[in-house]
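A short write-up of the structure that comes next.
The values are calculated or read from the model by the stated rules, or taken from the named source; none is laboratory data. On a predicted model such as this, the values are computed, not experimentally measured, just so you know. Because the Cβ atoms are built from the backbone with ideal geometry, glycine has one as well, and the counts that use them run over all protein chains shown.
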Amino acid sequence: MLIPCYNEAARIGDTIPEVTRYLAGLAYASELVLIDDGSSDGTWALLEAAERAADAGGVRVRALRQAVNGGKGHALATGVAAADGEVVLFFDADLSYPLVHVDEAVQAIAAGADVVAGARDLGGEGRHGYSPLRRLASGTLNGIVDLLLGLGIPDTQCGFKAFRGDIAKALFAALTIGRFGFDIELLYLVRRWELRLYRMPIVMAHRPGSTVRVLPDSLRMLRDILRIRRQSRHYPPRPAGASVV
């Protein structure tokens, strides 16, 4: 399980024990990989302390550090490269998604999915607490994604996704976008490689303290979408052994 962290000192200290308690109660072994994405507060010290003190019923905790902030996608690529599990799953440090979804996603992978993408549009009050501007920006972005990339996925930006381990390594190794547009690039590759995608209904509870800046980040993601379209011929082929829809 991966959690990318950027300036999360105010809440990661509460998040880590909650996650490890949940993982310790599962019927299979788990590891928690915490990636500091060049934080400028006390995040790294907390992650180091969690790794040293790890004693959560068999849950291994590892802390990785990037010296420079490279974006969530880049941080996750670092974590995926280091992960050992048969299933690789990531979610946000604010725990805006109930942890019960972790086991649901693992079971979906065991049932044959290559990729599980959290789908807030299928989860009822999935975007409760978002501002009208952010909801407008999200809807507009999804329309542009469909127009230019044809993904047919109403919610590309959900911060909860899971992958078969080998598929995760192939996808993240092919990433060229490090910041918020990385989700779109991942799902573009999922469609291009004809992987088995399960969109899992998920409920999100909005937490204060998000690093999303609606207008600047929306403009950046628009540039990322255009970049994906321009370089579409240059992505690697589907990895050997990956399933075809």
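Remarks
- Among the residues of the stretch 6-39, those that are in a helix (DSSP H, G or I), of a type in the set (A, V, I, L, M) and without any contact (Cβ under 8 Å) to a residue 60 or more places away in the chain comprise Ile16, Ala24.
- Only residues that are over 18 Å from the mean Cα position of the chain (by Cα), modelled with pLDDT of 85 or more and surrounded by fewer than 19 Cβ atoms within 10 Å (Cβ to Cβ) were counted in the stretch 186-219, giving 2.
- Considering residues of the stretch 58-76 that are in a loop (DSSP other than H, G, I, E, B) and surrounded by fewer than 20 Cβ atoms within 10 Å (Cβ to Cβ) only, the residue modelled with the lowest pLDDT: Gly58
- Residue selected from the stretch 95-136 under the condition surrounded by 21 or more Cβ atoms within 10 Å (Cβ to Cβ), in contact with a Lys or Arg (Cβ under 9 Å, 6 or more places away or on another chain) and at pLDDT 95 or above, by the criterion farthest from Pro4 (Cα to Cα): Ala113
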